[in-house]
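**Q** Got a structure for you, questions after.
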There are 2 protein chains.
Amino acid sequence: MPYFDAASAAPLHPVARQALLASLDEGWADPARLYREGRRARLLLDAAREAAAEAVGCRPDELAFTSSGTTAVHSGIAGALAGRRRAGRHLVVSAVEHSSVLHSADTHRAAGGTVTEVPVDRAGAAGAEAYAAALREDTALACLQSANHEVGTVQPVAEVAQACREAGVPLLVDAAQSLAWGPVEGAWSLLTGSAHKWGGPSGVGLLVVRKGTRFAPQGPADERESGRAPGFPDLPAIVAAAASLRAVRAEAAAEAARLRELTERIRARVPELVPDVEVVGDPERRLPHLVTFSCLYVDGESLLHALDRAGYSVSSGSSCTSSTLTPSHVLKAMGVLSEGNVRVSLPPGTAAGDVEGFLRVLPEAVAAVRAQLGAPAAAPRAVPRGDELVVDALGRRCPVPVIELAKVIGDVPLGGTVRVLSDDEAARLDVPAWCEMRGQEYVGEEPAERGAAYVVRRLV
Amino acid sequence: MPYFDAASAAPLHPVARQALLASLDEGWADPARLYREGRRARLLLDAAREAAAEAVGCRPDELAFTSSGTTAVHSGIAGALAGRRRAGRHLVVSAVEHSSVLHSADTHRAAGGTVTEVPVDRAGAAGAEAYAAALREDTALACLQSANHEVGTVQPVAEVAQACREAGVPLLVDAAQSLAWGPVEGAWSLLTGSAHKWGGPSGVGLLVVRKGTRFAPQGPADERESGRAPGFPDLPAIVAAAASLRAVRAEAAAEAARLRELTERIRARVPELVPDVEVVGDPERRLPHLVTFSCLYVDGESLLHALDRAGYSVSSGSSCTSSTLTPSHVLKAMGVLSEGNVRVSLPPGTAAGDVEGFLRVLPEAVAAVRAQLGAPAAAPRAVPRGDELVVDALGRRCPVPVIELAKVIGDVPLGGTVRVLSDDEAARLDVPAWCEMRGQEYVGEEPAERGAAYVVRRLV
């Protein structure tokens, strides 16, 4: 039963498991205590910190273990902003950061700070020039992920770090998705990570604050982890996290090359096997193990269920699977199709045969979902019914608005328009994406009593 | 090698260990995902929540798992204060709360809120009347521990909860030390706990917010755990925590009775075996497994090391062992001797023979430390040297100021005074405590150029 959602979580690396079990016996005591059990725990904690720092490329005293990657981001951003309060209250983030970064930005905004979201290109990459242009006199902090968690695009961290350095602004790098593959290059000031992304246990994140970076921890004081991560440390998990980071790094170069071939195969074959698919993310500057594509006329949740029944566990940034029912902010910022979105992220050790098996079941799974939703055949109907048609898809969730649009586009003459009424946020992304895929003209969006009207002109 | 610091941390309960191992295999995936690994994780999480809620005595949807007891307290207090912002910004805590509560109070004060610290009696108990009197029109929240972590005194939670209810103020109970022994009685509104205090793994706390309690989570938004605990949940640890809570509860009544006898034995024998010892905390209303005493003329850190060498791991709230070098705020609030402080907290299963062994080595360990520090014999010297003597103990850490006082008290005539100059915070506590133990009169404290002068009148 292949599991292809390593970017979300993965089973423990065998080395992590072994380290966890050993330190359940040796590392349960409070490392701050003076007796032998405490001293033993302190030795384990120190060794774990040294191993993690070496893998990150920092000094041990610059690295704190937090309770998750999310809390590392929350604490890192809050502490860095407070430490630079005198410089100002302006924060720069990319539009495709992880929600933990964007939610921190929301909190900052709500407290009276200002935030600039740097846009990304269609591949999901932020430009170093755009970052440099966003930096201001009052910029307290800039944040940029090392690689995107939904589409795998690697960001130009070293260039952005250089621009930040020149402007005297610290850069926080969310390295959650890339730390398994190698250290983050460049002159960054703060860095965050998450152990269960590299085969470690959940419950461990890391927050690195380079010496010389102004930092003022927020929230109630606590002595643990240099005051940067409150609460009793989960030592067995920390030891396991450090051990697995070291272990995956030892295998990283070889495994990256192998997985890159497998994801390259998916990138190449999916558009050949499945009609109306858009593979998204940068084809070259990308994580080795991750590939994402969107399928027209497909409801992401149904597709995930179909693939799950066929034995494959994958994830989706599609509007129809997220609990908030809004389309992925990443796909939105990239301006690509969001419906029927599938993210495949291969855990280390994934067999080539499992990828072939996935490619075998995918076309049928997509076809079944399309048939169930009544997705249109490629050829539009021949008889025009008037110069303008209105499709009322109010109250219908994606991908229905786009399916209904596709069904009637042949009913207007060349040059005629279809107005799609929809109150599903995803339509704003998917109607233009459909137009581009189909060679039709997207005229624009107009306000409507409920939702919005998306106007399309028939060109072909 | 007996370990007597269960109140700080303890090895995993065998049931917790078993549950942890099983869920490393079954519970590593993201419980928010739709595929089978995610659904399996969700089932485990739901079952753990139900088990924990049953043990606490609340509804499952009232209970969130946090990353530690400390973060549960921080989030609980911040969320409850924000939820009651309209009522006012007054917070009531007892003077002997855990540092996580007092640090939250400091943060609240720094943000412009007001805090009332309810004093405790010499046994460390807060009075329900004093709590009721502290509640005001603008009180947003009151906090009270279920039992004290340093001296074991059980607090009158049910009475205080009743007073709070009558005043329309929610009560948050820090139940970290008592949850292993039973649910917290009374009409509390919020409750926090810490798994590694009940034989679960570290990295798991719990925060209960009763339905109807106003609560506004603070910090960046996050979907996990009803928005009350950000970050990917450490599911194996959560499952283990819930399993061990259920397991220790099944054994709680019998084990409490057994351990209470052992701690009763320590309470009774220590003052017989060791001269100049004060056993602190309530002799009746107390935790079954915990007993604390202070030894005159003893440096806590040296005593801990001596006991460690003799094979016994215990803790201390003494000024000389804490990393901040200030005397325990708990002993200070109680007004009892702080020097040579030892906390014994027995893990479940502690053998009676180990306690006897401890009682055998303790007198010698105390005597050795006293000899090393040059502690005086009981009888004061006979020749008075004048009506007033000054002991300059500036720059000397506890217990030296008290030892020097004891050495010279016989040098002044009856009615004469000794002024002890000290800049160690502990002297403020220990000089009056010594006077009470020795039947001398503590006249008071006077400001001095450095530290303070503590004036003692010889009566015997």
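**Q** When the range A:343-360 is examined, which residues are found to be within 20 Å of A:G317 (Cβ to Cβ) and out of contact with any Asp or Glu (no Cβ under 7 Å at 6 or more places or on another chain)?
**A** Taking the range A:343-360 as the starting set, the residues that turn out to be within 20 Å of A:G317 (Cβ to Cβ) are A:343-347, A:358.
Selection gives A:V344, A:L346, A:P347, A:F358.
**Q** Then there is this: I'd like to check something: does the range B:60-76 contain any residue that is touching a Leu at 6+ places or on another chain (Cβ under 7 Å) and more than 16 Å from B:E225 (Cβ to Cβ)? Reasoning before the result, please.
**A** In the first step, residues of the range B:60-76 are kept if they are touching a Leu at 6+ places or on another chain (Cβ under 7 Å); the result is B:63-66, B:72, B:75-76.
Of the ones still in play, those that are also more than 16 Å from B:E225 (Cβ to Cβ) are none.
No, there is no match, as no residue in the range B:60-76 is touching a Leu at 6+ places or on another chain (Cβ under 7 Å) and more than 16 Å from B:E225 (Cβ to Cβ).
**Q** Just to be sure I understand, how many residues within the range B:25-44 are within 8 Å of chain A (Cβ to nearest Cβ) and free of Cβ contacts under 8 Å to residues at least 12 places away in the same chain?
**A** Of the residues in the range B:25-44, the ones within 8 Å of chain A (Cβ to nearest Cβ) are B:25, B:28-30, B:32-38.
So of that shortlist, the ones also free of Cβ contacts under 8 Å to residues at least 12 places away in the same chain come out as B:25, B:33-38.
Total satisfying the criteria: 7.
**Q** Evaluate the following for A:R224: is it out of contact with any His (no Cβ under 9 Å at 6 or more places or on another chain), of a type outside the set (G, A, S) and either within 14 Å of chain B (Cβ to nearest Cβ) or buried (at least 24 other Cβ atoms within 10 Å of the Cβ) (or both)? Break it down into steps so the answer makes sense when it comes.
**A** Values: out of contact with any His (no Cβ under 9 Å at 6 or more places or on another chain): yes; of a type outside the set (G, A, S): yes; either within 14 Å of chain B (Cβ to nearest Cβ) or buried (at least 24 other Cβ atoms within 10 Å of the Cβ) (or both): yes.
Yes: the conditions hold for A:R224.
**Q** Quick one: which residue in A:A241, A:A247, A:A252, A:A257 is closer than 19 Å to A:V184 by Cα, in contact (Cβ under 8 Å) with a residue 12 or more places away in the chain and within 14 Å of another protein chain (Cβ to nearest Cβ)? Reasoning before the result, please.
**A** Numbers: A:A247 fails: within 14 Å of another protein chain (Cβ to nearest Cβ); A:A252 fails: within 14 Å of another protein chain (Cβ to nearest Cβ); A:A257 fails: within 14 Å of another protein chain (Cβ to nearest Cβ).
Answer to the selection: A:A241.
**Q** Same structure again: When you check A:A133 against the structure, is it surrounded by fewer than 23 Cβ atoms within 10 Å (Cβ to Cβ), in the same structural domain as A:I238 (by TED's automatic domain parsing) and among the small types (G, A, S), yes or no?
**A** yes
**Q** A:S244: of a type outside the set (F, W, Y), assigned by TED's automatic domain parsing to the domain that holds A:D30, in a helix (DSSP H, G or I) and surrounded by fewer than 22 Cβ atoms within 10 Å (Cβ to Cβ), yes or no? Outline the logic, then answer.
**A** Values: of a type outside the set (F, W, Y): yes; assigned by TED's automatic domain parsing to the domain that holds A:D30: yes; in a helix (DSSP H, G or I): yes; surrounded by fewer than 22 Cβ atoms within 10 Å (Cβ to Cβ): no.
For A:S244, the condition - of a type outside the set (F, W, Y), assigned by TED's automatic domain parsing to the domain that holds A:D30, in a helix (DSSP H, G or I) and surrounded by fewer than 22 Cβ atoms within 10 Å (Cβ to Cβ) - is not met.
**Q** Can you give me the number of residues within the range B:1-16 that are crowded, with 22+ Cβ neighbours inside 10 Å and more than 8 Å from every other protein chain (Cβ to nearest Cβ)?
**A** 5
**Q** Related question: Would you say B:R39 is crowded, with 18+ Cβ neighbours inside 10 Å and of a type in the set (D, E, K, R)? Quick ask: steps written out before the conclusion?
**A** Numbers: crowded, with 18+ Cβ neighbours inside 10 Å: no; of a type in the set (D, E, K, R): yes.
In short, no.
**Q** Also, I was wondering about something else. Look at B:R258 and say whether it is outside any loop (DSSP other than H, G, I, E, B), touching an Asp or Glu at 6+ places or on another chain (Cβ under 7 Å) and under 18 Å from B:Y3 (Cβ atoms).
**A** Working: outside any loop (DSSP other than H, G, I, E, B): yes; touching an Asp or Glu at 6+ places or on another chain (Cβ under 7 Å): no; under 18 Å from B:Y3 (Cβ atoms): yes.
Here the answer is no, as B:R258 does not meet what is asked.
**Q** Among the residues that make up the range A:21-30, is at least one of them at pLDDT 95 or above and charged (D, E, K, R)? Break it down into steps so the answer makes sense when it comes.
**A** Going residue by residue through the range A:21-30, those that are at pLDDT 95 or above are none.
No, the range A:21-30 contains no residue that is at pLDDT 95 or above and charged (D, E, K, R).
**Q** For the range B:165-208, which residues satisfy the criterion of being in contact with an Asp or Glu (Cβ under 8 Å, 6 or more places away or on another chain) and within 11 Å of chain A (Cβ to nearest Cβ)?
**A** Residues satisfying the conditions are B:P201, B:S202, B:G203, B:V204.
**Q** Within the range A:107-137, how many residues turn out to be under 18 Å from the mean Cα position of the chain (by Cα) and acidic (D, E)?
**A** So in the range A:107-137, the residues under 18 Å from the mean Cα position of the chain (by Cα) come out as A:117-127.
Subsequent filtering for residues that are acidic (D, E) retains A:117, A:121.
Selection size over the range A:107-137: 2.
Residue by residue, here is whether (1) in a loop (DSSP other than H, G, I, E, B); (2) at pLDDT 95 or above; (3) within 30 Å of B:L144 (Cα to Cα) holds:
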| site | (1), (2), (3) |
| --- | --- |
| B:V344 | no, yes, yes |
| B:G357 | no, yes, no |
| B:V361 | no, yes, no |
| B:E364 | no, yes, no |
| B:A371 | no, no, no |
| B:P384 | yes, no, no |
| B:R397 | yes, no, no |
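**Q** Looking at the range A:198-215, which of its residues are touching a residue at least 24 places away in the same chain (Cβ under 8 Å), closer than 20 Å to A:R165 by Cα and assigned to a loop (DSSP other than H, G, I, E, B)?
**A** Correct list: A:R210, A:K211, A:T213, A:R214, A:F215.
**Q** Continuing with this model, one more query. When A:A19 is evaluated against the numbered criteria (1) within 22 Å of A:V101 (Cβ to Cβ); (2) away from chain B (no Cβ under 11 Å), which criterion, by number, is the only one it fails?
**A** Status for A:A19: all satisfied but (1).
**Q** Note down all Cβ pairs under 9 Å where the first residue falls in the range A:288-307 and is within 14 Å of another protein chain (Cβ to nearest Cβ), the second is of a type in the set (K, R), and they're at least six residues apart or on different chains.
**A** Going by the 9 Å Cβ cut-off, the qualifying pairs are A:D299/A:R397; A:L304/B:R33.
**Q** Going residue by residue through the range B:132-155, is there one that turns out to be closer than 26 Å to B:V56 by Cα, touching a Gly at 6+ places or on another chain (Cβ under 6 Å) and either among the charged types (D, E, K, R) or without any contact (Cβ under 8 Å) to a residue 40 or more places away in the chain (or both)?
**A** Looking through the range B:132-155, at least one residue is closer than 26 Å to B:V56 by Cα, touching a Gly at 6+ places or on another chain (Cβ under 6 Å) and either among the charged types (D, E, K, R) or without any contact (Cβ under 8 Å) to a residue 40 or more places away in the chain (or both).
**Q** Picking from B:D222, B:D234, B:D174, which residue would you name as being of a type in the set (D, E, K, R), free of Cβ contacts under 8 Å to residues at least 12 places away in the same chain and in contact with a helix residue (DSSP H, G or I) (Cβ under 9 Å, 6 or more places away or on another chain)? Give the derivation first.
**A** Details: B:D234 fails: free of Cβ contacts under 8 Å to residues at least 12 places away in the same chain; B:D174 fails: free of Cβ contacts under 8 Å to residues at least 12 places away in the same chain.
Residue meeting the stated conditions: B:D222.
**Q** Related question: Which residues, taken from the range A:170-188, are crowded, with 24+ Cβ neighbours inside 10 Å and over 23 Å from A:R260 (Cβ atoms)?
**A** Hits for the range A:170-188 are A:P170, A:L171, A:L172, A:W188.
**Q** Name the single residue, out of those in the range B:149-172 being assigned to a loop (DSSP other than H, G, I, E, B) and not aliphatic (A, V, I, L, M), that is farthest from B:G317 (Cα to Cα). Full working, then the answer.
**A** Here is the first cut: in the range B:149-172, the ones assigned to a loop (DSSP other than H, G, I, E, B) are B:149-152, B:155-156, B:168-170.
After this cut, where a residue has to be not aliphatic (A, V, I, L, M) as well, the list is B:149-150, B:152, B:155-156, B:168, B:170.
Numbers: B:H149: 10, B:E150: 7, B:G152: 13, B:Q155: 19, B:P156: 23, B:G168: 35, B:P170: 30 Å.
The qualifying residue farthest from B:G317 (Cα to Cα) is B:G168.
**Q** Kindly establish whether A:A448 is within 27 Å of the chain's Cα centre (by Cα) and among the hydrophobic types (A, V, I, L, M, F, W, C).
**A** Details: within 27 Å of the chain's Cα centre (by Cα): no; among the hydrophobic types (A, V, I, L, M, F, W, C): yes.
So A:A448 fails the test.
**Q** Same structure, new question: From B:A375, B:A379, which residue is in contact with a Phe, Trp or Tyr (Cβ under 9 Å, 6 or more places away or on another chain), at pLDDT below 85, within 21 Å of B:P432 (Cα to Cα) and in a loop (DSSP other than H, G, I, E, B)? Give the steps one after another, and end with the answer.
**A** Values: B:A379 fails: in contact with a Phe, Trp or Tyr (Cβ under 9 Å, 6 or more places away or on another chain).
Sole residue among the options that is in contact with a Phe, Trp or Tyr (Cβ under 9 Å, 6 or more places away or on another chain), at pLDDT below 85, within 21 Å of B:P432 (Cα to Cα) and in a loop (DSSP other than H, G, I, E, B): B:A375.
**Q** Find the residue count for the range B:406-460, including only residues that are of a type in the set (G, A, S), surrounded by 16 or more Cβ atoms within 10 Å (Cβ to Cβ) and not in a helix (DSSP H, G or I).
**A** Just the residues of the range B:406-460 that are of a type in the set (G, A, S), to begin with: B:406, B:410, B:415-416, B:422, B:426-427, B:433, B:439, B:444, B:448, B:451-453.
If we keep only those that are surrounded by 16 or more Cβ atoms within 10 Å (Cβ to Cβ) too, we end up with B:406, B:410, B:416, B:422, B:426-427, B:433, B:451-453.
In the following step, the residues that additionally are not in a helix (DSSP H, G or I) were identified as B:416, B:422, B:426, B:451-453.
Number satisfying all stated conditions: 6.
**Q** For the range A:406-432, how many residues meet the condition of being touching a strand residue (DSSP E or B) at 6+ places or on another chain (Cβ under 7 Å), under 24 Å from A:G340 (Cα atoms) and not hydroxyl-bearing (S, T, Y)?
**A** Residues that pass the stated criteria total 10.
**Q** Of the residues B:F232, B:F215, only one is more than 14 Å from chain A (Cβ to nearest Cβ) and aromatic (F, W, Y); which?
**A** On the way: B:F232 fails: more than 14 Å from chain A (Cβ to nearest Cβ).
After ruling out the rest, the residue left standing is B:F215.
**Q** Here is a follow-up. Just to be sure before I move on: is A:P271 surrounded by fewer than 21 Cβ atoms within 10 Å (Cβ to Cβ), in a loop (DSSP other than H, G, I, E, B) and either under 26 Å from the mean Cα position of the chain (by Cα) or away from chain B (no Cβ under 14 Å) (or both) in the structure I sent?
**A** Values: surrounded by fewer than 21 Cβ atoms within 10 Å (Cβ to Cβ): yes; in a loop (DSSP other than H, G, I, E, B): no; either under 26 Å from the mean Cα position of the chain (by Cα) or away from chain B (no Cβ under 14 Å) (or both): yes.
Against the criterion (surrounded by fewer than 21 Cβ atoms within 10 Å (Cβ to Cβ), in a loop (DSSP other than H, G, I, E, B) and either under 26 Å from the mean Cα position of the chain (by Cα) or away from chain B (no Cβ under 14 Å) (or both)), A:P271 does not qualify.
**Q** Consider the range B:53-101. How many of its residues are touching a Cys at 6+ places or on another chain (Cβ under 8 Å) and of a type outside the set (G, A, S)? Don't jump to the end; show me each part of the working.
**A** Step one: of the range B:53-101, the residues touching a Cys at 6+ places or on another chain (Cβ under 8 Å) are B:77, B:91-94, B:97, B:101.
Going one step further and asking which of them are of a type outside the set (G, A, S), we end up with B:77, B:91-93, B:97, B:101.
Total meeting the criteria: 6.
**Q** Tell me the residue from A:G69, A:G79 that is more than 11 Å from every other protein chain (Cβ to nearest Cβ), crowded, with 21+ Cβ neighbours inside 10 Å, within 28 Å of the chain's Cα centre (by Cα) and not β-branched (V, I, T), please. Working first, answer last.
**A** Working: A:G69 fails: more than 11 Å from every other protein chain (Cβ to nearest Cβ).
Result of the check over A:G69, A:G79: A:G79.
The values are calculated or read from the model by the stated rules, or taken from the named source; none is laboratory data. What you see is a predicted model; the values in this text were computed from it and never measured. Counting neighbours? That spans all protein chains shown, and the Cβs are built from the backbone with ideal geometry, glycine included.
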